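What follows is one structure encoded as structure tokens, with my remarks underneath.
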Amino acid sequence: MYCPKCKSEYRAGFKQCKECQTDLVTQLAEEEFENDDVLIELTSSLQQNAIGVIKSILDAEEIKYTIFDESTGNLYPVPGANRLMVAKSDYQTAKELLKSFL
């Protein structure tokens, strides 16, 4: 199960995203990343309140991202860490946008 808004992944049985209060879907839209895009970590160990700010900055510039975290059972289960991933092609732009924030 996935949140179509923040792209968080949930285990079976969840029906709504705890962050966005959006109904979950079984599959994300394919338009998320191009097949040849490599995802790399922009930052990690983010607090939940920081994630919202970072997402709004990236959304404003139409930079695609995904967040992996332990609490939702995503790809990188590191205790207490949220990993914000962007396409390699957007990495430098995203780093510049967030340099004063991170």
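Some observations on this one:
- Computed label-point distance, nm, for sites residue 26 and residue 100 using a 7 Å Cα→Cβ extension: 4.6
- Rolling a 1.4 Å probe over the protein heavy atoms leaves residue 100 with an accessible area of roughly 110 Å².
- Highest-first packing order for the peptide set 10-23, 84-97, 52-65 is 84-97, 52-65, 10-23, based on the mean count of other beta carbon atoms within 10 Å.
The values are calculated or read from the model by the stated rules, or taken from the named source; none is laboratory data. This structure is a prediction, so every number in the text was calculated from the model and none was measured. In this analysis, Cβ positions are derived from the backbone assuming ideal geometry, glycine residues included, and neighbour counts consider all displayed protein chains. Side chains are part of the model used for accessible areas, which takes the heavy atoms of the whole protein and leaves out ligands, DNA and RNA. Shrake-Rupley method; radii C 1.70, N 1.55, O 1.52, S 1.80 Å.
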